[in-house]
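A.B. asks: The structure follows.
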Number of protein chains: 2
Amino acid sequence: MAKPEIHTMEELSAAIGVSRPTLSRYFQDPTKVSRSSVERIRSGLERVDYIPNFFATRMNRKSTGMIGVIIPYLNDLFFTRLLESLERAAMRAGFTVITQCSHSDPEIEARAAETFLSMNVDGAVVAPLGNHSDLKVYERLNERLPFVLMDSRPAPLSGVDFVGTDHVQSTGIITEYLNRVGTPPIFLAMPRMNFNAYEREMAYITKMEELGHEPVVIGAGVVEEGSYFEGHGLAVLNDYFSRGEFTGSSVLCANDRVAIGALRAAAHHGLQPGAMRQGGLRIAGHDDYPLCPFTVPTLTTVAQDVAAIGQAAMDRLIEKLRAENSQGNQTVQLINGTLKIRESA
Amino acid sequence: MAKPEIHTMEELSAAIGVSRPTLSRYFQDPTKVSRSSVERIRSGLERVDYIPNFFATRMNRKSTGMIGVIIPYLNDLFFTRLLESLERAAMRAGFTVITQCSHSDPEIEARAAETFLSMNVDGAVVAPLGNHSDLKVYERLNERLPFVLMDSRPAPLSGVDFVGTDHVQSTGIITEYLNRVGTPPIFLAMPRMNFNAYEREMAYITKMEELGHEPVVIGAGVVEEGSYFEGHGLAVLNDYFSRGEFTGSSVLCANDRVAIGALRAAAHHGLQPGAMRQGGLRIAGHDDYPLCPFTVPTLTTVAQDVAAIGQAAMDRLIEKLRAENSQGNQTVQLINGTLKIRESA
DNA sequence: AAGACTTTTTTACACGTGTTAATCATAGTC
DNA sequence: GACTATGATTAACACGTGTAAAAAAGTCTT
């Protein structure tokens, strides 16, 4: 690194004897410059240390090549996997992803949206916070940018593109499976912090009624702020188990993290949930959290196709930002879940 | 949102009758402007839709107020917690964190570093990738920016500030505990993808020898690319257990994710690891992964103080970037782990 | 009401690159 | 050797905001 540092294209131009506009074109797209110039620039850059200024380049371009992504929280492997698939899809298409995490705080979420607007990102993908979100934030983004909502969908929001799991289908197939193979399941709800919680609950109820069974939902009222999903599942089931209730039931949990808490509650009470034990306790989840194959017992669940959701969201966004004018009409892509049968149910 | 959109300060100045330099000062720090002007601007902004251009503002400031953070991968709750604590610390100090994830790819890591340089971030914090990293990337960042390395430390790198867990201490106390309460533990190593793997292994060996026991390390040679930690722990122990080996041993795992795989292997072979069963199998981990209280059995481990590490790394970085000139000397902060005794050992 | 401040406005230049129009150099063709 | 493409260079302006200096306006003290 004894290379002399050069801070502007002007200086670089002087140092290697290539005009600044040519350098500008080179850094945007080397193919727009003749072969001989490319060679001259390449060899020059080896003798000298220079990086184009990020802000100066983006300020004038019509397109910044950046896509903003907002995620509600990171301490959940579901969202990190989603983020990864988004980033890979964006990278393949030549875009840079700027991620902001709202840490469950609507104010931070709103601020992140403003930041994206002020950065002139080419588009934005948002996984909503949940009930606490300010819907105006999404409307504002949707008005001013190519915008796609992902994972969960605030009911009253229309005219906004959406990509997520078809919870009617996904919750449906596992409800059906549980009914087919054992006793009708009860539903262990999760704190109502996001819209999917409600959708899955409704999907469960619908499917149960369709099959002629009475739906039973527990743990829905409890909304302990700051309590994690696992803790919620553990607390709710511990409570019932110690009163001797539901110890031989089939329990469909609103998601795998709740189910992991449920497994823990079962172990704590000496119960051994599992498909093999006919008539006994069974526990199932939703999402196919990466740890499902390693829990004790391994967790039966419905897999959300994270890779497909991320890819589809990015594809739709890029489609929108390429075809500026044709606003087209609202697109809603619901992606199927697939049953993952393991030991627990 | 019927507000007219205004795109430049010039237009805003004309629209609300406040001069552009005053507006500029207002957006940087409202207290640098008289109360009456603040009022006039506030009320003006309610009638009109304007956000200062991110790039134009950053381009001219000496300080961009941004801190770059590079994380090796996101599919690990340890790093997401670390990231969260970094972001909170930065937010408190008035900085914005730009996160880049290298997805275990040295090329992406190098590109992220270049991006930070071209963005003129005020400083950078990096959690290294591991063996595959190009050390020149860190050296380059360290030369040109206030820079702090975090979590794991490439041995041959000197002169670089570092904040992380004291693995000699942390691995020491759990090795000692396991020896004190039961049979001398063997060490289930993890794929050598990062430097901590080696540090913990060495710390275990040292402590064992100090206590007069023979260290035994298993699973160190296996380096399956793309295999996750849990799968590694599961595969290695499954192998031994099915040959009847180590079924009654104490097993210290290189981290909690490996330990979760180990628990799974135990369950698969009908073994019930736990502190209560004298003379039987015991399994312990390292990190205090958030799921430890929910595994079956709950996992005994050493907690890394993630909050302290993030805070200390950010504090040190901010200290460096405030005192530009005084390069000072290298600072290495090693933070103690604390024993978390649960059921598994 | 004059003087001493404080704050705002005006004016002008700066930042580093995108971009365009016109001029110039080079290579290839006949 | 003159003609035509092709690409490079030069010169100039643009982007939206930071910032500094000087002039103007407002506020407070006496």
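A.B. asks: So, A:Ala262, is that one touching a helix residue (DSSP H, G or I) at 6+ places or on another chain (Cβ under 6 Å), farther than 30 Å from A:Phe162 by Cα and part of a helix (DSSP H, G or I) or not?
C.D. replies: yes
A.B. asks: Follow-up. How about the stretch B:281-305: which of its residues are more than 11 Å from chain A (Cβ to nearest Cβ) and outside any loop (DSSP other than H, G, I, E, B)?
C.D. replies: B:Arg282, B:Ile283, B:Ala284, B:Asp287, B:Thr300, B:Thr301, B:Val302, B:Ala303, listed by residue number.
A.B. asks: Could you list, in sequence order, the residues of the stretch B:19-32 that are exposed (fewer than 13 other Cβ atoms within 10 Å of the Cβ) and more than 7 Å from DNA strand D (Cβ to nearest atom)?
C.D. replies: Listed by number, the residues that qualify are B:Ser19, B:Asp29, B:Thr31, B:Lys32.
A.B. asks: Can you tell me which of B:Thr64, B:Thr80, B:Thr57 is of a type in the set (Val, Ile, Thr), over 23 Å from A:Phe54 (Cα atoms), within 11 Å of another protein chain (Cβ to nearest Cβ) and under 36 Å from the mean Cα position of the chain (by Cα)?
C.D. replies: The unique qualifying residue is B:Thr80.
A.B. asks: Among residues belonging to the stretch B:242-276 that are more than 19 Å from B:Thr175 (Cα to Cα) and among the hydrophobic types (A, V, I, L, M, F, W, C), point out the one that is nearest to the chain's Cα centre (by Cα).
C.D. replies: If we take residues in the stretch B:242-276 being more than 19 Å from B:Thr175 (Cα to Cα) and among the hydrophobic types (A, V, I, L, M, F, W, C), then B:Ala265 is nearest to the chain's Cα centre (by Cα).
A.B. asks: Then there's this: Going by the conditions given, is B:Ile16 away from DNA strand D (no atom under 13 Å from the Cβ) and of a type in the set (A, V, I, L, M, F, W, C)?
C.D. replies: Yes: the conditions hold for B:Ile16.
A.B. asks: Pick out the one residue from A:Val97, A:Val125, A:Val121 that is more than 12 Å from chain B (Cβ to nearest Cβ) and closer than 21 Å to A:Gln311 by Cα.
C.D. replies: After applying the criteria, what remains is A:Val125.
A.B. asks: Then there is this: If I go through the stretch B:33-65 residue by residue, how many of them are under 12 Å from A:Met59 (Cα atoms) and basic (Lys, Arg)?
C.D. replies: Adding up the residues that qualify gives 1.
A.B. asks: Just checking, which of B:Arg81, B:Arg47, B:Arg42, B:Arg35 is more than 8 Å from DNA strand D (Cβ to nearest atom), outside the structural domain of B:Ser133 (by TED's automatic domain parsing) and at pLDDT 90 or above?
C.D. replies: After ruling out the rest, the residue left standing is B:Arg42.
A.B. asks: Conditions: (1) within 14 Å of another protein chain (Cβ to nearest Cβ); (2) assigned to a helix (DSSP H, G or I); (3) farther than 18 Å from B:Thr165 by Cα; (4) not polar (S, T, N, Q). B:Lys320 meets all but one. Number of the miss?
C.D. replies: Evaluating B:Lys320 over (1) within 14 Å of another protein chain (Cβ to nearest Cβ); (2) assigned to a helix (DSSP H, G or I); (3) farther than 18 Å from B:Thr165 by Cα; (4) not polar (S, T, N, Q) leaves (1) as the failure.
A.B. asks: Now for a different question. Which one is nearest to DNA strand C (Cβ to nearest atom), of the residues in the stretch A:5-25 that are assigned to a loop (DSSP other than H, G, I, E, B) and at negative phi?
C.D. replies: The extreme case among them is A:Thr8.
A.B. asks: Turning to a different aspect of this structure: Within the group A:Ala254, A:Ala313, A:Ala345, which residue is buried (at least 24 other Cβ atoms within 10 Å of the Cβ), in the same structural domain as A:Leu82 (by TED's automatic domain parsing) and in contact (Cβ under 8 Å) with a residue 60 or more places away in the chain?
C.D. replies: A:Ala313
A.B. asks: (1) away from chain B (no Cβ under 13 Å); (2) closer than 19 Å to A:Asn75 by Cα; (3) more than 17 Å from the chain's Cα centre (by Cα): which one isn't true of A:Ser158, the others all being true?
C.D. replies: Every condition holds for A:Ser158 apart from (2).
A.B. asks: Looking at B:Ala56, B:Ala89, which is the one that is away from DNA strand C (no atom under 16 Å from the Cβ) and farther than 17 Å from A:Val97 by Cβ?
C.D. replies: Just one listed residue meets the conditions, B:Ala89.
A.B. asks: Sticking with this structure for a sec: What are the residues in the stretch A:11-33 that are under 43 Å from the mean Cα position of the chain (by Cα) and not β-branched (Val, Ile, Thr), if any?
C.D. replies: Matches in the stretch A:11-33: A:Leu12, A:Arg20, A:Pro21, A:Leu23, A:Ser24, A:Arg25, A:Tyr26, A:Phe27, A:Gln28, A:Asp29, A:Pro30, A:Lys32.
The values are calculated or read from the model by the stated rules, or taken from the named source; none is laboratory data. Not measured: the values here are computed from a predicted model. Neighbour counts run over all protein chains shown; Cβ positions are idealised from the backbone, glycine included.
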